[in-house]
Amino acid sequence: MSLVKFFSAFSAVCLLILVSQSNAVLADQKSEIACVQTFLDFWKLKPGPIDGALGAKTVRASRAFQEKRGGGLPTLSSESTHEWCQHALVSRQFARLLAGDKQPVKSFSYAKPRLSDIFIGGHGSRYEQAERNIKNPRALELVPLADGSAAARVAVNYEDKGHPDDWLELKQPGMTQRYELTEKRKLFQRPGKTYWHRISIFIPAGTHIKDHVTLFGMHPWGKTIGLDPVFYLMIAHDWLRFQHTLDESFKCVVGPSWRGGDVSYCDADITIERLKPVYKITGKWITLVSRVYWGSKQGTYHLWMNNELVLGVKGPTHPPRTISIGNKFGVLRGYYETLGTPSPDLSIYFSKIGRAKDCKSLELLNCAQFEADIKTFGKFTVHSTKKLITREMSKYLKKGGRVRYRMY
């Protein structure tokens, strides 16, 4: 059901009730109940019949609505929809329902969020759209949250296909598609420096991900291109994973691509840390905090999820000859095991993204705990670990591949 059809039906329901002038109070109450019920039913909340604008079931419906939408309002996809909702949701009780406020409210309205609202401390100016993003204008939509901030809803649809370098990665269609935001290259992180990062992610309840979906990652850069990430958070086979080459062998060469331009070929020992099954993290926000000291020999990395230390690693955190390191976040979906087979649409929300040289600048409340943890190394909340060995560089060199430059 499209949003256009929904709001046409929604407005018809509300207007049919509102035209009754015989009993203004009763008509107003019925219109509120009908609008609320239609609204909640559309978002599949099904809280049960609403027994009046101030009834207990309405309060429960409001809470369910807030929780299932990540503490905020649903996506409004266009200016016209936004304008219509501004006028449609002015009833006092409906306003109270959505705001979760028991005090009388004369009208309901909110400021349309900006992209900068999803970042901490105005850090949004550091980011831009990735070059290979899908072209669907609804792939990125902004959602206001209850605390006054906002989230970015990133959605990918198999029918959107992808950039040729992704979609035709192996010379046949259906390989990879993405919608990501990336740090601007002139603002990349530098070797020999320490950085703190944070990001909050919301995966809607009922989401199942059999494909490979990368949510964020750090990419070392050489002279011309970025390499595979040294670490990244991803979901595969319904498990949240943290994959990395920290404290492992990671050597690359850069050579010409069959598509034109440059491409990297790497020998990497990849560690796959399985953190949690997806069903345990859907329907609620998870917040990830990390601290990294970038070093080709003596680097360090710590990761926390919802204030719990996941792991601490000591050793190389980027390959030799790395010039800079860039961060990406969003949805990179690879159909590696289901090539050519359509998968269900996928939507994931991102909020409170930030990078700083110290913990407090990220507006975190428990920096004392994090700073104490950075003296600790090991794995603490990792479910299981396995290794993945890739030797693309060795195979490429064995075939006599041309080398523009080396990164080892």
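Past 18 Å, Cα to Cα, is the threshold; run Lys193/Lys297; Lys161/Lys280; Lys112/Lys135; Lys284/Lys328; Lys328/Lys352; Lys328/Lys387 against it and keep the listed order. The answer is Lys161/Lys280; Lys112/Lys135; Lys284/Lys328; Lys328/Lys387. Along its first, second and third principal axes, ordered by size, the range 245-301 spans 44, 33, 17 Å in Cα coordinates. Cβ crowding within 10 Å ranks Val310, Val382, Val213 as Val382, Val310, Val213, fewest other Cβ atoms first. Please compute the modelled spin-label separation between Arg185 and Lys398, points set 7 Å along Cα→Cβ, answer in nm with one decimal. Going by the 7 Å Cα→Cβ label model, 3.3 nm. As a proxy for reagent exposure, Thr341, Thr300 were ordered by neighbouring Cβ count within 10 angstrom, fewest first; the result is Thr341, Thr300.
Here the simple spin-label model places points 7 Å from the Cα toward Cβ, and for Lys210 and Lys314 these points are separated by 4.4 nm. Among Phe380, Phe370, sorting on how many other beta-carbon atoms sit within 10 Å of each Cβ, with the fewest leading, yields Phe380, Phe370.
Of interest is the spacing of the C-alpha centroids, which for the range 290-306 and the range 117-170 amounts to 26 Å. Annotation for Lys171 and Val382: the two label points, set 7 Å from Cα along the Cα-Cβ direction, are 3.8 nm apart.
Every read-out reported here was derived from the displayed coordinates using simple, explicitly stated rules and does not represent laboratory data. If you're wondering where the values come from, they're calculated on a predicted model, not measured in any experiment. Cβ: placed from backbone, ideal geometry, glycine included. Neighbour counts: every protein chain shown.
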